Amino acid sequence: MTAYLLKRLAIGILTLLFASVVVFAVLEVVPGDPARLMLGMNATEDAVQALREQMGLNLPLVTRYVTWLAAFATGDFGRSLTYSVPVIDLVAERLVVSLPLALLALALSTVIAIPAGLFAAARRGRFADTATMGLAQVGVAIPNFWLALLLVYVFAVWLRLVPAGGFPGWGNGFWAGIKALLMPAVALALPQAAILARVTRSALIEVLGEDYIRTARAKGLPRRRVLWRHALRNALIPVLTIMGLQFAFLLAGTIIIENVFYLPGLGRLLFQAITQRDLIVVESVIMLLVAAVIVVNVLVDLSYAAVDPRLRTRR
Amino acid sequence: MAQTLLHIENLSLAIGKADILSHVDMRIDRGEVLGLVGESGSGKSMTALAIMQLLPHAAHASGRILFDGADLLTRTEDQMCALRGDDIGMVFQEPMTALNPVKTIGEQVAEGIRWHTRCSRAEAEERTRAILDRVGLPQSRFPLSRFPHELSGGQRQRVVIAIACALKPRLLIADEPTTALDVVLQAQILDLLRDLVEENRMGLLLISHDLAVVADMADRLVVMRHGKVMEQGETASTLKRQEHPYTRQLAEASMHVPAARQAAPARPRTDDAGGNASPETPPLLAVDKVVRDYAGRRTSLFSRPAPFRAVDDVSFSMEPGHSVALVGRSGCGKSTLARMILALDQPTGGAIRLAGQDLSHLEGEALRPFRRRMQVVFQDPYGSFNPRHKVERLVAEPLHLLDSQPSRSERRERVAEALAEVHMPPDSMDRYPHEFSGGQRQRISIARAVITRPDLIVADEPVSALDVSIRAQILDLFAELNGKLRLAYLFITHDLTVARAITDEVMVMHEGRIVERGSTADVLSAPRHEATRALVDAAPDLERAIARRLSRA
Amino acid sequence: MTTTTPDEAENWQALAVKALKNRSFLLGLVITLLVALMALVSFFWTPFDVTDLPVTNRMQPPTAEHWFGTDHFGRDIFSMIMVGARNSIAVAFVAVAIGMGLGVPLGCWAAARRGWVDEALMRFNDVIFAFPALLSAVMITAIFGPGAINAIIAIGIFNVPVFARVARAGALSIWPREYILAARASGKNATQITVEHILPNIASILLVQGTIQFALGILAEAGLSYVGFGAQPPMPSWGRMLFEAQTRMIIAPHMAIFPGLAIVVTVLGLNLLGDGLRDLLDPKTRRER
């Protein structure tokens, strides 16, 4: 078991390292001199050189990568060029919006999808199954930002139940914050839930065709009990895999959705940074998001071992 | 007198528009063993599932299945749940997949006990221990916390039997319970079933394609074909009289010896059939001190994995036209050896020579002239063809080994010729493999093997996936081609009947080594090594089984 | 009962009969063909010229003349959707081609060689999977500035590991088959076996995955052009139309509804087509009947 865990962990770290090389390398080849960009076109050559020296831009590439990575790992993301504050402060300030949004969406999508998948699988081929899956088929096709626009139109503009956008800050009370995040979370969660429900159903149906299900039925267990006690846990592995992959889509979705609802999250920060060519911020936010995706996938890998005893003894 | 436990009356079953069973009648008394024999597609498994009411969704059954006088077809699902696992237990064919991989064996056995008896967890565990101990999985070596993947196939089948027998059902249904196991395990599992049934006076419905297995176990016999009962009666007399032509056909097929071989006297080992083999001529195939190691499983993170030796210092030789059987239990290394002979795998040590030339370290193009001289026939007539190619292309594949590629018309001609050798019409060449039956596919597979006119054919369990009657025809074909094309065969099999039917010599492999070798008749009638004896004793033998039944009666 | 799968090779006639009975396949095919036709026709004819800006006609709700209404420049939304289909289809198609072209050979190679090649591919996949298309697009935009080509590259890169995985998994399931051993015994090398035996047998799963990735590509392209990383104005694109509709939601909701519906219908059609193809071609689902 420890061998499996250590291997997955090592793979996670390796992936993280490679990903950091990619991020660093890509933003390194960006045309234009960051020092020149910062100082503007009419700065003197001497001033630019001084800044380059100060920013460490004259050091060899590998040294700069190692320094950057070491600093990043310790939470020192550098200083934003436009805001002139440490990037970590900017990120932390935005994370309190983005992270709850992503988690809320993930929770919503799981809570909707797994029961829907179970429900459809248990009634396979009947009307309830066809209807649920037809709905899911449509759900998969809906872009989350369009759903967001429709939700704003119906609930904010038309019914005036929730604010159309913006974020009051957690300082104005927990529920006010949740209320502002609810609609974006629903917009993010529904299309993901549709995908997850389809995966849950087909994983369950595949498992229900296995020989050991027949063995369990031959023991005299009723269908429902077999579904819960035997099928669900075996079907969990593909479901977990998709949930891990979905986290990446959810993060990307968060970035877009924040623009629809004018939420001051990481996504807004990223877009502002791009338009202002604040590359240190871009680099940091991307690295952070990529790291989050990798960490979640390592967690998914580790959770396989909890579900499947075969992995605990292998290798 | 005995009371009727299960009475199937006029049972018909259709799945969608396909009729699976028609007007089936059979009866099992308390404590009686009923054997149900039939070839694939005879509807024997569906009969079992109909009793359990675990039929596929689209199935529609009519007639009556009386269990203790009550019709199971009219029972509600809840009532059936109360019966299943408590009064009727079932054992399935494939032990590798019959257990839930994410639950311990203890949980899986205890589950049924708790569900039916509503007893406490502790009590269920106690009973689970007792039944696992009874089926030969003692607590000292097989604690309840074991997972299925930690057990071998035979051990898993014991767990499945424990699940089925935990509550001492009055009827046990065993659907091909030993088909996936080798002969020695088969004998052990059958013994276990027999004892359990006797101890608890259970009725047993034993389903098998193997007449010899059923003859050995069953008091009475039902022979099915195409969803109909052909004949039923007391086992020994039914098999003795063989009144029904289909029963006779089955019995004859399972004792079949190809005509071509009966005629030819068993050739002595030094036979130089060509008449001109001088002592200098190297043998067709010489296997010399061959060893094959595989990287073992790492037991902990820091220990070096111990290599697993699949083939251990094996040496033998074969002459042209010779037919040799390589027999052994599953996992003894026989298939690994075959793959190395075919140069599909490289030995860790030793040499494999074809006509004097060492192949063991040749690769790619260098093997071409040798590959032409040896070909292969596999077990599974369904898996051995690319389903997307037509027969012409499939059979012609080895022609790739020729130095000059034949023209299209030449190619068709050679394919037609090869098909003729195996008695398939030339128009088969424009059809896809799925259009043929299992036996026909195996013929096509042989046609592919003979198209380059090889000297040696390695056949890996070539008939074990076939029904007995088809099996006999394919064995005849092998024998015929042996005489006509002077082919040497290396038959890999766990089935001694096949070895007896078709080979001059037999080699017995056990734990990677060849432990006994000699003329087939000698080795099988007077086995010297323990491993050989175990195989011979365990092999189901129809004649012996009938004789035993008659003497008991 | 035998456990072998039913045969994958079926003659075209039998397949066609089954295709006509498969509702999801038929509906998906019809929708997909209609969208493709719409994109094609837009090259020769659209109800209105989308480069023409009759500002006096701004934000008209749907009428008999303008079926889907007009936008804030007075352009006909139906015509813009027709032209926008070109962009969506082109981006998604090229991205699938990139993914297949690189991913399938990689996956087949890994399956044939196993060992370190396989391990390296899997690790490479892990790294790419960590970059959702949007993040790649952000990085590419940071380097080259915005443009339709960014969307293609970003989505295409993400498709590579998807196809590599599917091809590898498919190939790994074919390699142990006996007909591969027979081919090896006939002296065929790994490349010949991959071309003759592996690819034809994984073609159907690749086709199914292709339609799914096509659908995902259309969704991703819409997302990217919505945030301004895709096609640049004046080239109409569905995502961009939604972006422009966003601030005008209260006065002209039709500006958001119709382009969104275009996306939903197209993606739905492709997914239905993919599901239908899977039912028709994949022996695994066919077995359960």
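Quick look at the numbers
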{"quantity": "Any hit, segment B:61-76, residues being small (Gly, Ala, Ser), in contact (Cβ under 8 Å) with a residue 24 or more places away in the chain and within 12 Å of another protein chain (Cβ to nearest Cβ)", "calculated": "no"}
{"quantity": "Residues within segment C:62-96 that are of a type outside the set (A, V, I, L, M) and either within 29 Å of C:PHE163 (Cα to Cα) or not in a loop (DSSP other than H, G, I, E, B) (or both), tallied", "calculated": "9"}
{"quantity": "Residue within segment A:247-256 that is touching a residue at least 40 places away in the same chain (Cβ under 8 Å) and more than 12 Å from chain C (Cβ to nearest Cβ) present", "calculated": "no"}
{"quantity": "Residue in segment B:185-196 that is within 14 Å of another protein chain (Cβ to nearest Cβ) and touching a residue at least 40 places away in the same chain (Cβ under 8 Å) present", "calculated": "no"}
{"quantity": "Residues of segment B:205-219 that turn out to be more than 17 Å from the chain's Cα centre (by Cα) and modelled with pLDDT under 95, as a count", "calculated": "5"}
{"quantity": "Every residue from segment A:76-87 that is surrounded by 17 or more Cβ atoms within 10 Å (Cβ to Cβ) and among the hydrophobic types (A, V, I, L, M, F, W, C)", "calculated": "A:PHE77, A:LEU81, A:VAL87"}
{"quantity": "Filter result (over 23 Å from A:LEU279 (Cβ atoms) and either hydrophobic (A, V, I, L, M, F, W, C) or not in a helix (DSSP H, G or I) (or both)) within segment C:116-147", "calculated": "C:TRP116, C:VAL117, C:ALA120, C:LEU121, C:MET122, C:PHE124, C:PHE129"}
{"quantity": "Members of segment B:388-405 that are open to solvent by 10 Å² or more (accessible area, probe 1.4 Å) and within 14 Å of chain C (Cβ to nearest Cβ)", "calculated": "B:ARG388, B:HIS389, B:LYS390, B:GLU392, B:ARG393, B:GLU397, B:HIS400, B:LEU402, B:ASP403, B:GLN405"}
{"quantity": "Residue in segment B:153-163 that is in contact with a helix residue (DSSP H, G or I) (Cβ under 8 Å, 6 or more places away or on another chain), open to solvent by 40 Å² or more (accessible area, probe 1.4 Å), of a type in the set (A, V, I, L, M, F, W, C) and touching a residue at least 60 places away in the same chain (Cβ under 8 Å) present", "calculated": "no"}
{"quantity": "Scope segment B:86-102; condition more than 7 Å from chain A (Cβ to nearest Cβ) and open to solvent by 20 Å² or more (accessible area, probe 1.4 Å); matching residues", "calculated": "B:ASP87, B:GLN93, B:MET96"}
{"quantity": "Residues of segment C:265-282 satisfying the condition of being crowded, with 23+ Cβ neighbours inside 10 Å, among the aliphatic types (A, V, I, L, M) and within 11 Å of chain A (Cβ to nearest Cβ)", "calculated": "C:VAL267, C:LEU270, C:LEU272"}
{"quantity": "Selection count where residues are within 14 Å of another protein chain (Cβ to nearest Cβ) and open to solvent by less than 60 Å² (accessible area, probe 1.4 Å), scope segment B:103-142", "calculated": "16"}
{"quantity": "Count of residues meeting criterion [facing another protein chain (nearest Cβ under 8 Å) and either crowded, with 19+ Cβ neighbours inside 10 Å or modelled with pLDDT of 85 or more (or both)] in segment B:356-371", "calculated": "3"}
{"quantity": "Qualifying position, being surrounded by 16 or more Cβ atoms within 10 Å (Cβ to Cβ) and within 14 Å of chain A (Cβ to nearest Cβ), among C:ASP71, C:ASP76, C:ASP126", "calculated": "C:ASP126"}
{"quantity": "Within segment A:210-238, tally of residues that are at the interface with chain B (Cβ under 10 Å from one of its Cβ atoms), without any contact (Cβ under 8 Å) to a residue 12 or more places away in the chain and surrounded by fewer than 22 Cβ atoms within 10 Å (Cβ to Cβ)", "calculated": "4"}
{"quantity": "Unmet criterion (only one of (1) within 9 Å of chain A (Cβ to nearest Cβ); (2) open to solvent by less than 20 Å² (accessible area, probe 1.4 Å); (3) touching a residue at least 60 places away in the same chain (Cβ under 8 Å)) for C:LEU242", "calculated": "(3)"}
{"quantity": "Any hit, segment C:97-109, residues being open to solvent by 20 Å² or more (accessible area, probe 1.4 Å) and on the phi > 0 side of the Ramachandran plot", "calculated": "no"}
{"quantity": "Scope segment B:483-502; condition closer than 24 Å to B:MET374 by Cβ and open to solvent by 10 Å² or more (accessible area, probe 1.4 Å); matching residues", "calculated": "B:GLY483, B:LYS484, B:LEU485, B:ARG486, B:HIS494, B:ASP495"}
{"quantity": "Criterion violated by A:LYS179 - all others in (1) over 23 Å from A:ILE114 (Cβ atoms); (2) at the interface with another protein chain (Cβ under 8 Å from one of its Cβ atoms); (3) of a type in the set (Lys, Arg) satisfied", "calculated": "(2)"}
{"quantity": "Residues within segment A:293-315 that are open to solvent by 20 Å² or more (accessible area, probe 1.4 Å) and within 14 Å of chain B (Cβ to nearest Cβ), tallied", "calculated": "9"}
{"quantity": "Those residues of segment B:448-465 which are open to solvent by less than 10 Å² (accessible area, probe 1.4 Å) and under 10 Å from the mean Cα position of the chain (by Cα), in sequence order", "calculated": "B:VAL463"}
{"quantity": "Of all residues in segment A:140-154 being open to solvent by 30 Å² or more (accessible area, probe 1.4 Å) and facing chain C (nearest Cβ under 7 Å), the one that is farthest from C:ASN271 (Cα to Cα)", "calculated": "A:TYR153"}
{"quantity": "Qualifying residue in segment A:277-292 (condition: outside any helix (DSSP H, G or I), under 22 Å from A:ASP76 (Cβ atoms) and within 12 Å of chain C (Cβ to nearest Cβ))", "calculated": "yes"}
{"quantity": "Residues that are closer than 18 Å to B:THR4 by Cβ and open to solvent by 10 Å² or more (accessible area, probe 1.4 Å), drawn from segment B:202-223", "calculated": "B:ASP219, B:ARG220"}
{"quantity": "Filtered residues of segment B:42-81 (kept if small (Gly, Ala, Ser) and surrounded by fewer than 16 Cβ atoms within 10 Å (Cβ to Cβ))", "calculated": "B:ALA58, B:SER62, B:GLY69, B:ALA70"}
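The values are calculated or read from the model by the stated rules, or taken from the named source; none is laboratory data. The shown structure was predicted, so the numbers you read here are calculated from the model rather than taken from an experiment. Here the Cβ is made from the backbone with ideal geometry for all residues, glycine too, and neighbour counts use every protein chain on show. Note: accessible area is taken over every heavy atom of the protein model, side chains too, but ligands, DNA and RNA are not part of it. Shrake-Rupley method; radii C 1.70, N 1.55, O 1.52, S 1.80 Å.
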